[in-house]
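Visitor: Quick one: this structure, given as structure tokens, is what I'll be asking you about.
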Amino acid sequence: MVFVLVALVVLALLASVHRYVWRRFVGDTTAPGSTLRKVGTVAAFVLPLLSLGAMTSGRIGAPFWLQQVLAWPGFLWLACLMYLTLALLVGEVVRPLLTRVLARRDAAAGTGTSGTAVDGPLAATTSGTRPRTEELVPAGRSCPSTSADPSPATAPAAEPEPEAVRGTEPAAPIAPVQAEPAETGPTAPAPALTHPSRRLFVSRVVGGAAAAAGLATVGYGTANVLRGPSVQRITVPLAKLPRAAHGFRIAVVSDIHIGPILGRAHTRRIVDTINSTSPDLVAVVGDLVDGSVADLGSAAEPLAGLRARHGSFFVTGNHEYFSGAEQWVNHVRELGLIPLENARVEMGGFDLAGVNDIAGETEGQGPDFVRALGDRDRGRAAVLLAHQPVVIHDAVQHGVDLQLSGHTHGGQLWPGNYLAELANPTVAGLEQYGDTQLFVSRGAGAWGPPVRVGAPADITVVELASRQA
């Protein structure tokens, strides 16, 4: 029941956001019945359906080829929707300011112009005075007196009419030509707009700027993922680490997320990057895949090429339990990785332990700290592999010196880091909790949209330092 309610809320939110985006990008900028409006309206219905298909096709067991077809457009549109909406919200602040600026400009243009001199009969009209009668009446014709003409007492006597026209109807005088009033003075109206209305103009400017900003951000974030993770290096001092283990290097990689979008080439790129650091040990801390072994087994095969002096180790993440955790544990073992399922091994100078992800509790395979750490010698340093940072408090209770985690992606899509902070003690980097240090990797891949903004993918080489050295 709760799941259905959450699903309905999410669908209602998506519908509202799509309605808002359609109105600003299509409804406010195109004419009713135009081709652009028709195309925009169709896109407003098709794109969210592709997104829903991308999010659900794997869970419902759709053919893998269909998952791949839906994944790129469906997930990319989710990222576009997010950043287009954010850009439009900024545009809501700019919109009234731009409208006010344009209104003032138009008002200034309407009141600041003056009439120009005109030669000939209309010159007097354009200067605000009546035209001279003799310039408008043909020669030989009389002009009726007006209030502007001399008074009858002083007016010259009219010449007698020619004989030829006596007894006939007098010709009507030619009316003075009235020039259109010049746009002068404070009462002159502003010039009529010959281009789209001010409101339409503002909508198109703001919408165009928002589209450019949103799509450019998504393009930048997609390039961040496709070029692969960068290598980060940190040094972590451990009080119990013996001098002999000083400088031990662990290559930490998490959240590779092999799936319908990031496949075999993505895995190969990560393996090559890890091997280039020549680590002593490789730690794969969960969320390796987004799919079944049947669909993604071949895409994970490059992991067999990992090279480290003390081997490569693996713990499950929550996504493994969506994809068949037991099958994946067996598959990575075949590829040469050593799964640590609530288990521990002794390395030269410290203990390396691993616990299952919290998501395994639904299958009775959750984290078991007692099994992994309960009977160890606490005089030795302990390094724990655990996918989610939230188990740090259990690690503190069991005397762990360093916990290596992932899961957060560093937020992946800004401002997602603020949401990640609400659910995790540490989103990225190294922090201290009691006597235990917690390092959280931002991950090497991406979940959902293959986009990273403000949280670049990384592989981190953690160098252990002995305080006795």
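Any read-out appearing in this document is the output of simple, stated calculations on the displayed coordinates, not a laboratory observation. Everything quoted here is computed from the prediction, not taken from an experiment. Neighbour counts are summed over all protein chains in view; Cβ atoms, including those assigned to glycine, are modelled from backbone coordinates with ideal geometry.
Visitor: Antiparallel versus total DSSP beta bridges in the stretch 229-466: what percent is that, nearest 5?
Guide: 30
Visitor: A further question on this structure: What is the stretch 353-469 by shape, rounded, prolate or oblate, if you read a ≥ b ≥ c off the alpha carbon gyration tensor as root eigenvalues and call it rounded for a/c under 1.5, prolate for a/b larger than b/c, and oblate otherwise? Please list the in-between numbers first.
Guide: Working: a/c = 2.22, a/b = 1.44, b/c = 1.55.
Oblate.
Visitor: In what sequence, highest mean first, do 317-329, 11-23 appear when ranked by Cβ atoms within 10 angstrom?
Guide: 317-329, 11-23
Visitor: Using mean Cβ contacts within 10 Å as the protection proxy, how do 366-376, 287-297, 91-101 order, highest first?
Guide: Per-residue Cβ counts within 10 Å, averaged per peptide and sorted highest first, yield 287-297, 366-376, 91-101.
Visitor: Okay, moving on. Under the rule a/c < 1.5 gives rounded, and otherwise a/b versus b/c splits prolate from oblate, where does the stretch 229-466 land using the Cα gyration tensor?
Guide: Taking the square roots of the gyration eigenvalues as a ≥ b ≥ c, the stretch 229-466 is rounded.
Visitor: OK, next. Working out 0.36 nm times the residue gap between V42 and Q68, then minus their Cα-Cα distance, what length gain in nm do you get to one decimal? Working shown, then result.
Guide: On the way: separation 26, 0.36 × 26 = 9.36 nm, distance 2.24 nm.
Roughly 7.1 nm would be gained on extension.
Visitor: Expressed as a rounded percentage, what relative contact order does the stretch 229-466 have, with Cα pairs under 8 Å and six or more residues apart?
Guide: The value is 28 percent.
Visitor: What nm value, rounded to one decimal, do you get for the distance between Q232 and D377 when each label is placed 7 Å out toward the C-beta?
Guide: 3.4
Visitor: Sort the following peptides by mean Cβ neighbour count (other Cβ atoms within 10 Å, averaged over residues), highest first: 449-455, 332-338, 356-362. Walk me through the numbers on the way to the answer.
Guide: Numbers: 449-455: 23.0, 332-338: 16.4, 356-362: 19.6.
Those peptides, ordered most packed to least, come out 449-455, 356-362, 332-338.
Visitor: A further question follows. Between A423 and A209, 0.36 nm times their residue separation minus their Cα-Cα distance comes to what?
Guide: 73.7 nm
Visitor: So between F322 and R23, what do we pick up on full extension, going 0.36 nm a residue minus the alpha carbon distance?
Guide: Working: separation 299, 0.36 × 299 = 107.64 nm, distance 3.73 nm.
Gain on stretching F322 to R23: 103.9 nm.
Visitor: Note down the nm distance, to one decimal, between modelled labels 7 Å out along Cα→Cβ at S278 and at V2.
Guide: The modelled label-to-label distance comes out at 5.2 nm.
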